Amino acid sequence: MPPPSSPHRNGWPLRGVFRDPALFLSVAVIWALLALFIVYPLSKILVMTFERGGHFSLANVVEILSAKNQLRAFWNSLLLGTLVGLSGTALGFLFAFTAVRSNLSKGWVRFLDASIILPLISPPFTTAIAMIFSFGPRGLLTYHLLGIKNFNVYGLHSTLFAETITYFPIAYLTLKAILAGIDPNVEDMAFSLGSSRWRVFRTVTLPLTVPGLANSFLLLFAASLADFATPLILAGNSFPVLPTEAYLQITGLFDLKSGSVLSFALLVPAFIVFVLQRYWVSRRYYVTITGKTGAQTQIKSVSPWARWLLLTACLAIATFVLYFYVLLFYASVVMAFGANYQLTLKHYRVVFTEGFKAIHDTLIIACFGMLAGGLYGVVVGYLVAKKDFISRQVLEVVSMINYSLPGTIVGIAYLVAFNDRPIMITGTALILIACYVFRYGATGIRTTVAILQQIDPTIEEASYSLGAGTGTTFRRITIPLVLPALFTGLGVVFIRSMTAISATIFIVSINWVLITVRILEKMTEMEIGVAAAFSIFVIVVVFIVIVAISLVLRLFRQPGAPDVSNILGG
Amino acid sequence: MKAVSIRLDNISKTFLHRVKGRVVAVNRVNLTVEPGELLTFLGPSGCGKTTTLRMVAGFENPDEGRIFIDETDVTHLMVNRRNLGFVFQNYALFPHLSIYENIAYGLRVKGIPGAAMEQAVGGVLKLVGLEGYEHQFPNQLSGGEQQRVALARAIVIEPQVLLFDEPLSNLDAKLRVHTRSEIRHLQKNLHITSIYVTHDQEEAMAISDRIVVMNKGEIIQVGTAEALYFHPNCEFVAKFIGKINAMSAEVLGTENDKATVQIFGKNFRLSGVPDGVVAGEKQKVFVRPELVKLSNQTGPGRLTAVVTERTFLGEKIEYALKIHGHDLNATAYDPLQRGTFAPGQEVAVEFVETGIQILK
């Protein structure tokens with residue numbers, strides 16, 4: 001018989017772990033995996049960056065960053081990230097405000113929701129490709145319609161534009177949730193105290209949205225910092241950024257050290273963003289004041305003409321986004337975009353013959369990654385949310401690291417860490433799967449934690465009080481509640497496996513070819529028709545998966561079940 | 001400042017409900033609130049009281065009818081032009097502003113200069129007993145304190161009209177009683193015409209000059225608490241304000257507004273009988289439980305009942321009785337003086353004759 005437990009003698013923290021061997025075992029396994037696939041690669045980058053002749057030294061950093069081009073790349077990255085953060089947040093706010101604060105009919109709101117879906121589910125460089133089609137040397141808009149012969153599509157302006165279009169949907173999803181959460185009574189109150197609409201917006205609505213705006217800015221800043229493909233296609237020689245520079249150093253010059261240092265330079269701002277988001281922004285969300293919300297009220301935020309103005313602006317942008325994707329599709333079905341507009345299916349023939357290995361490899365990796373990543377997310381999420389063990393908080397933070405870091409860093413870290421003994425897995429599918437699991441599995445963790453934290457402990461206590469044991473309670477109560485999180489996790493890992501590029505580009509090999517990498521190759525080989533056809537293929541597959549998952553999620557109509565937008569925003 | 005009147009002229013409002021379809025929330029309501037009066041809308045949930053209030057505020061627009069404040073038509077005036085103070089059920093404090101800034105908000109909108117604003121805010125904070133809370137934020141305050149901030153914020157702008165939407169329903173019972181008398185004092189001292197919405201009849205009786213009883217979007221009766229309690233115009237009001245026994249009686253004869261009825265085999269002479277009561281017919285009659293007197297003196301010629309349940313509530317005891325197979329409730333005050341009865345005991349029952357009413 002175990003000794004009677006006394007709360008006062010629980011001083012020894014490991015006691016709980018030893019009393020529950022299953023818990024101990026699972027925590028140990030998770031820690032071993034995290035150490036191997038998150039901590040170890042990152043530490044390799046740090047060693048690579050700060051080691052010279054067996055000693056700690058700043059010489060590498062100083063040497064490489066003092067090269068003029070590299071330093072420029074560093075500042076360019078920060079500049080681009082800041083601008084994308086600002087413009088994307090502004091655009092996202094416009095859409096979100098129009099959707100939830102201007103009394104639109106359900107149909108219009110649904111239309112706005114739909115119009116941002118395409119950029120969200122596409123590989124991050126499809127906008128960049130469409131930019132070339134539209135504004136490039138033989139671009140539809142510049143060359144054919146406007147007759148501009150020497151329009152320069154390469155540089156900061158178009159990279160900024162493409163990344164804004166690519167990432168503003170994230171801002172939209174973030175801000176929409178915040179704006180919808182503002183109690184309309186608070187705005188009504190301001191009206192009743194004599195405020196005009198503009199004043200209510202300025203003194204109530206906008207200040208209440210500030211934490212969301214900051215969060216959205218940080219998200220977009222980080223996304224832009226990590227974006228590798230858009231600058232590769234659009235930035236050109238005049239505007240080097242860190243991810244592309246690191247890529248050139250590693251694949252062009254086989255200089256792993258420079259690559260590491262450059263990715264470390266990327267790590268610093270990324271880390272600052274991570275800390276700001278986690279410890280500053282998250283605390284500034286205003287808690288809704290107690291009490292049940294009053295009667296539903298008509299939202300009076302905007303006057304009728306302002307509403308039409310907002311809607312028109314949104315429609316114009318949505319149309320432009322749609323135009324990009326129509327262009328992409330068009331390029332995939334003509335002989336040679338820019339020269340020969342005869343319709344053909346030959347690019348798709350290439351995709352399914354010559355490109356079949358890429359499709360086959362990508363799907364295999366995505367499927368295995370999805371299963372492993374979904375499971376990983378739910379298990380870690382369950383441990384973090386429901387179990388009490390020493391190192392719990394550290395484990396949660398560590399599990400989020402790869403997700404929060406720019407993909408370039410993760411890719412280079414994996415390359416540096418697993419290229420050599422003791423663990424040589426470069427060139428295998430395992431390295432790709434591990435990369436996806438430990439990067440995108442984090443969404444599953446977050447969703448699981450969010451769901452489990454919403455579940456009142458009394459629900460499980462109610463099950464115990466009705467005579468169910470621990471096993472039955474887990475099986476009948478906990479698992480059904482967590483299932484939506486599992487499906488979300490599965491979906492995210494699959495979709496990201498189909499569309500990711502920034503980390504993958506460093507760890508692909510001839511053994512395993514990925515679609516996204518083939519698209520970039522085709523772009524540089526100027527086989528843009530095939531690149532477009534591949535992109536359309538990816539978009540279609542991802543779209544089908546999203547629809548399937550949202551259908552599954554709809555089966556779980558319990559409160560707190562995640563929305564399909566979780567997948568997209570993650 | 002001179003108190004103003006509020007007049008509702010035949011206002012109606014219809015909503016589209018997801019399940020029920022078209023719902024008439026407010027149906028042709030006519031009402032005048034006298035200057036300086038505190039008028040309460042009382043009724044069960046969904047009776048249209050909050051909707052009517054929100055139309056007076058300007059948060060909703062009536063589909064039909066007109067609203068006048070101080071004899072000025074404000075039907076299509078936006079809420080920010082109506083010069084009113086509104087206290088929400090959930091207080092709707094601005095979570096991002098300090099208590100001082102919450103209260104100063106309306107003054108800033110009006111462009112009141114700094115010194116005068118500080119004085120006004122300090123004044124109302126003192127009035128509601130929250131001095132020293134200037135730099136706190138809403139989430140640092142208790143529910144009762146938040147409630148008082150909401151009140152201070154509404155009165156500091158010296159509105160013509162004060163509107164309350166169930167302002168006390170999120171407070172605990174003791175605080176509710178205390179705060180409602182504070183609101184009452186404040187309203188009398190400031191002499192601001194006020195409309196107060198509640199579903200709690202005790203609160204309504206305690207706070208109002210007059211009460212408007214509403215049901216299904218219509219006004220059922222308007223009057224002082226006494227008038228509604230002693231002279232309800234229908235069964236709904238009688239049952240909603242206080243408790244009442246309904247009994248079956250036989251009308252033996254009528255004469256003008258007087259009638260002789262037989263209840264449980266005993267004759268009573270009633271006055272104030274409405275038209276349409278005809279001799280020889282069955283008729284529902286009503287009597288309040290405290291007008292049902294119980295005693296030990298059972299005997300011939302007296303009504304006898306059996307106690308089935310006894311609830312001791314301190315200053316009073318509530319009895320559930322069975323009389324001639326029917327349920328009857330009685331409330332006895334002052335139990336020490338009058339003695340108490342145990343369940344199962346036979347008691348003599350007397351009705352206070354003037355308290356028996358026939359209602360439409």
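Identify the residue in the stretch A:355-389 that is modelled with pLDDT of 85 or more and of a type in the set (D, E, K, R) and, among all such residues, is farthest from the chain's Cα centre (by Cα).
The extreme case among them is A:357.
Scan the stretch B:216-249 for residues that are in a strand (DSSP E or B) and crowded, with 16+ Cβ neighbours inside 10 Å and jot them down.
The answer is B:219, B:220, B:221, B:222, B:223, B:245, B:247, B:249.
In the list B:82, B:54, which residue meets the criterion of being at the interface with chain A (Cβ under 10 Å from one of its Cβ atoms) and within 16 Å of residue B:212 (Cβ to Cβ)?
Criteria check complete, one pass: B:54.
Quick check on my filter: what residues within the stretch B:252-270 are under 20 Å from residue B:328 (Cβ atoms) and not basic (Lys, Arg)?
Within the stretch B:252-270, B:261, B:262, B:263, B:264, B:265, B:267, B:268, B:270 meet the criteria.
So which of B:330, B:320 ends up being under 20 Å from residue B:230 (Cα atoms), surrounded by 13 or more Cβ atoms within 10 Å (Cβ to Cβ) and among the small types (Gly, Ala, Ser)?
B:330
Scan the stretch A:203-218 for residues that are at the interface with chain B (Cβ under 9 Å from one of its Cβ atoms) and free of Cβ contacts under 8 Å to residues at least 60 places away in the same chain and jot them down.
A:203, A:204, A:207 - these are the residues of the stretch A:203-218 that are at the interface with chain B (Cβ under 9 Å from one of its Cβ atoms) and free of Cβ contacts under 8 Å to residues at least 60 places away in the same chain.
Does residue B:348 qualify as being part of a loop (DSSP other than H, G, I, E, B) and farther than 18 Å from residue B:244 by Cα?
In short, no.
Limited to the stretch A:272-324, what total is found for residues that are hydroxyl-bearing (Ser, Thr, Tyr) and either modelled with pLDDT under 75 or not in a helix (DSSP H, G or I) (or both)?
9
Among the residues of the stretch B:136-155, which ones are surrounded by fewer than 24 Cβ atoms within 10 Å (Cβ to Cβ) and either facing another protein chain (nearest Cβ under 10 Å) or polar (S, T, N, Q) (or both)?
The answer is B:136, B:137, B:138, B:139, B:140, B:141, B:142, B:143.
Of everything in the stretch B:120-135, what is more than 14 Å from chain A (Cβ to nearest Cβ) and either outside any loop (DSSP other than H, G, I, E, B) or hydroxyl-bearing (Ser, Thr, Tyr) (or both)? Give them in sequence order.
B:122, B:123, B:125, B:126, B:127, B:133, listed by residue number.
Quick check on my filter: what residues within the stretch B:90-119 are at the interface with chain A (Cβ under 7 Å from one of its Cβ atoms) and crowded, with 22+ Cβ neighbours inside 10 Å?
B:90, B:91, B:92, B:93, B:94, B:105, B:106
Which residues, taken from the stretch B:256-280, are in contact with a Gly (Cβ under 8 Å, 6 or more places away or on another chain) and assigned to a strand (DSSP E or B)?
Selection gives B:259, B:260.
Out of (1) within 30 Å of residue B:202 (Cα to Cα); (2) part of a loop (DSSP other than H, G, I, E, B); (3) in contact with a Phe, Trp or Tyr (Cβ under 8 Å, 6 or more places away or on another chain), what's the single condition that is false for residue B:23?
(2)
Given (1) free of Cβ contacts under 8 Å to residues at least 60 places away in the same chain; (2) in a helix (DSSP H, G or I), where does residue A:367 come up short, assuming only one miss?
Result: residue A:367 fails condition (1) only.
Can you give me the ranges of the helices (runs of 4 or more DSSP H) entirely in the stretch A:466-545 with at least 3 residues that are surrounded by fewer than 21 Cβ atoms within 10 Å (Cβ to Cβ)?
Qualifying helices (runs of 4 or more DSSP H): A:470-473, A:479-499, A:515-524.
Give the number of residues within the stretch A:182-202 that are surrounded by fewer than 20 Cβ atoms within 10 Å (Cβ to Cβ), at the interface with chain B (Cβ under 9 Å from one of its Cβ atoms) and without any contact (Cβ under 8 Å) to a residue 24 or more places away in the chain.
The total comes to 2.
Can you pull out the residues in the stretch A:349-360 that are buried (at least 19 other Cβ atoms within 10 Å of the Cβ) and either among the aliphatic types (A, V, I, L, M) or in a helix (DSSP H, G or I) (or both)?
Of everything in the stretch A:349-360, those that are buried (at least 19 other Cβ atoms within 10 Å of the Cβ) and either among the aliphatic types (A, V, I, L, M) or in a helix (DSSP H, G or I) (or both) turn out to be A:351, A:358, A:359.
Would you please name the residue that is farthest from the chain's Cα centre (by Cα), looking only at residues in the stretch B:194-213 that are of a type in the set (A, V, I, L, M) and buried (at least 22 other Cβ atoms within 10 Å of the Cβ)?
B:195
Criterion first (within 13 Å of another protein chain (Cβ to nearest Cβ) and assigned to a strand (DSSP E or B)) does residue B:68 satisfy it?
Judged against the criteria, residue B:68 is not a match.
Determine, yes or no, whether residue B:195 is modelled with pLDDT of 90 or more, part of a helix (DSSP H, G or I) and either in contact with a Gly (Cβ under 8 Å, 6 or more places away or on another chain) or of a type in the set (A, V, I, L, M, F, W, C) (or both).
no
Scan the stretch B:157-189 for residues that are touching a residue at least 60 places away in the same chain (Cβ under 8 Å) and in a loop (DSSP other than H, G, I, E, B) and jot them down.
Those that are touching a residue at least 60 places away in the same chain (Cβ under 8 Å) and in a loop (DSSP other than H, G, I, E, B): B:157, B:158, B:159, B:160, B:166, B:167, B:169, B:170.
Residue pairs, Cβ under 8 Å, 6 or more apart or interchain, first in the stretch A:501-529 and under 13 Å from residue A:123 (Cα atoms) and not assigned by TED's automatic domain parsing to the domain that holds residue A:126, second among the acidic types (Asp, Glu) and in a loop (DSSP other than H, G, I, E, B). List them.
A:502/A:227
Select, from B:297, B:283, the only residue that is of a type in the set (S, T, N, Q), assigned to a loop (DSSP other than H, G, I, E, B) and either in contact (Cβ under 8 Å) with a residue 24 or more places away in the chain or touching a Phe, Trp or Tyr at 6+ places or on another chain (Cβ under 6 Å) (or both).
B:297
Testing residue A:113 on (1) under 28 Å from residue A:322 (Cβ atoms); (2) among the acidic types (Asp, Glu); (3) not assigned by TED's automatic domain parsing to the domain that holds residue A:178, one condition comes back false. Which one is that?
It is condition (3) that residue A:113 fails.
Quick one: which residue in A:355, A:374 is in contact with a Lys or Arg (Cβ under 8 Å, 6 or more places away or on another chain) and assigned by TED's automatic domain parsing to the domain that holds residue A:35?
A:355
Of the residues that sit in the stretch A:438-456 and are buried (at least 24 other Cβ atoms within 10 Å of the Cβ) and among the polar types (S, T, N, Q), which one is farthest from residue A:384 (Cα to Cα)?
The qualifying residue farthest from residue A:384 (Cα to Cα) is A:443.
Within the group A:89, A:82, which residue is buried (at least 21 other Cβ atoms within 10 Å of the Cβ), part of a helix (DSSP H, G or I) and among the hydroxyl-bearing types (Ser, Thr, Tyr)?
That would be A:89, the only listed residue that is buried (at least 21 other Cβ atoms within 10 Å of the Cβ), part of a helix (DSSP H, G or I) and among the hydroxyl-bearing types (Ser, Thr, Tyr).
All but one of (1) buried (at least 23 other Cβ atoms within 10 Å of the Cβ); (2) of a type outside the set (A, V, I, L, M, F, W, C); (3) more than 14 Å from chain A (Cβ to nearest Cβ) hold for residue B:48; state the number of the condition that does not hold.
Failed condition: (3).
The values are calculated or read from the model by the stated rules, or taken from the named source; none is laboratory data. Please read all numbers here as calculations on a predicted model, not as lab measurements. Cβ coordinates were reconstructed from backbone atoms using ideal geometry, including for glycine residues, and neighbour counts include every protein chain displayed.
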